Amino acid sequence: MSTAITFSEYGLPEVLRPTEVTPPEPGPGQVRIRVRAASVNPLDLKIRSGLMARVAPANFPVIPGLDAAGVVDAVGAGADVAVGDEVLGATVGGSYGEYALLERPVAKPGAMPWEVAASLVTVGRTAHRVLGQLGVRSGQTVLVHGAAGSVGFIAVQLAVARGITVIGTAAERDLERVTALGGTAVRYGDGWPERVGAAAPGGVDFVFDASGAGVLADSVALTGDAGRVITIADMAAQQYGVRFSAGSGEQGDQGLSELVRLAVAGELTVPIWRTYPLAEAARAHADLEAHRNQGKAVLLP
């Protein structure tokens with residue numbers, strides 16, 4: 001037996017409880033890892049609270065978590081790794097536990113801290129995927145809403161590295177963090193379209209909405225074309241003719257390998273705000289819901 005965090009009903013963070021579970025067995029192409037770090041993502045909070053119940057109803061009890069990094073301790077048929085390898089990737093069946101299953105794991109370089117490895121997966125693949133879907137190129141301008149958030153923070157860095165001009169909206173307290181990445185920071189809130197227009201007098205070519213803060217109508221107006229706007233956070237996307245981007249697949253895994261290389265080379269920063277013991281998963285959720293964090297929260301089993 002091993003310990004995992006589970007919940008058996010939707011609700012506040014307190015529904016998360018340490019539970020004794022049987023370690024999962026890897027299927028074909030899967031590996032089981034002894035988890036060294038598990039990232040806490042905003043989607044974890046939405047699933048736990050029931051906000052995603054209509055889209056993907058839970059099969060209780062649920063082990064939350066999308067990402068993990070750890071040491072391989074069991075290998076399924078066809079998996080191209082060995083017991084003892086250090087890896088990271090997206091989990092199957094949850095990551096908040098002492099053990100987790102990964103599909104298509106990516107090797108973790110020895111120089112990469114465990115908490116960074118776990119934190120890079122979902123946010124990094126999402127940022128990489130959306131920039132690719134937008135088709136934004138060197139010399140063009142992209143507006144990133146939520147530029148100081150976990151996904152936006154990565155997107156700004158990737159875009160700047162590709163020679164793209166970045167305008168990033170953020171809270172007053174985060175403006176300097178966005179500027180330090182090479183973007184032009186603009187305070188969000190009432191009047192943001194005018195502030196963006198002043199910061200980008202040549203116009204905005206594309207918009208990446210990582211905030212879900214009701215910015216789609218004005219974003220379409222800025223670009224003049226709903227096809228140049230993508231959101232990962234606003235469920236009203238269809239109303240404005242905007243694409244809602246979700247999922248990953250093979251392209252996401254290729255992107256993850258690239259992101260790992262950039263992080264090890266010091267060309268990509270993943271801000272770690274705080275680590276928590278696995279048993280304090282509820283506190284981690286409460287801190288994120290209260291927006292106390294500036295960076296990633298990570299559980300350490």
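The values are calculated or read from the model by the stated rules, or taken from the named source; none is laboratory data. Since the model is a prediction, treat every value here as computed from it, not as a measurement. In this analysis, Cβ positions are derived from the backbone assuming ideal geometry, glycine residues included, and neighbour counts consider all displayed protein chains.
Inside region 24-52, residues that are surrounded by 18 or more Cβ atoms within 10 Å (Cβ to Cβ) and either in a loop (DSSP other than H, G, I, E, B) or touching a Cys at 6+ places or on another chain (Cβ under 7 Å) (or both) make up a count of 3. Going by the conditions given, is Asp73 of a type in the set (D, E, K, R), modelled with pLDDT of 95 or more and surrounded by fewer than 19 Cβ atoms within 10 Å (Cβ to Cβ)? Criteria met by Asp73.
For region 131-156, filtered to residues that are surrounded by 24 or more Cβ atoms within 10 Å (Cβ to Cβ) and assigned to a helix (DSSP H, G or I), the residue that is farthest from the chain's Cα centre (by Cα) is Val156. Counting only residues that are of a type in the set (D, E, K, R) and either in contact with a Gly (Cβ under 6 Å, 6 or more places away or on another chain) or assigned to a strand (DSSP E or B) (or both), region 53-81 holds 2 of them. Of the helices (runs of 4 or more DSSP H) lying entirely inside region 165-263, those containing at least 3 residues that are out of contact with any Asp or Glu (no Cβ under 9 Å at 6 or more places or on another chain), among the small types (Gly, Ala, Ser) and farther than 14 Å from Arg129 by Cα are 192-199.
Could we say that Gly29 is touching a strand residue (DSSP E or B) at 6+ places or on another chain (Cβ under 9 Å) and small (Gly, Ala, Ser) here? Here the answer is yes, as Gly29 does meet what is asked. Being of a type in the set (A, V, I, L, M), part of a loop (DSSP other than H, G, I, E, B) and at pLDDT below 95 is the filter here, so list the residues in region 82-125 that pass it. Answer for region 82-125, where residues must be of a type in the set (A, V, I, L, M), part of a loop (DSSP other than H, G, I, E, B) and at pLDDT below 95: just Ala111.
Restricting region 127-163 to residues that are at pLDDT 95 or above and among the polar types (S, T, N, Q), which is farthest from Val270 (Cα to Cα)? The selected residue is Gln140.
Number of residues in region 259-289 that are modelled with pLDDT under 95 and surrounded by fewer than 15 Cβ atoms within 10 Å (Cβ to Cβ) equals 4. Selection over region 1-23 of residues that are more than 24 Å from the chain's Cα centre (by Cα) and in a loop (DSSP other than H, G, I, E, B) gives a count of 5.
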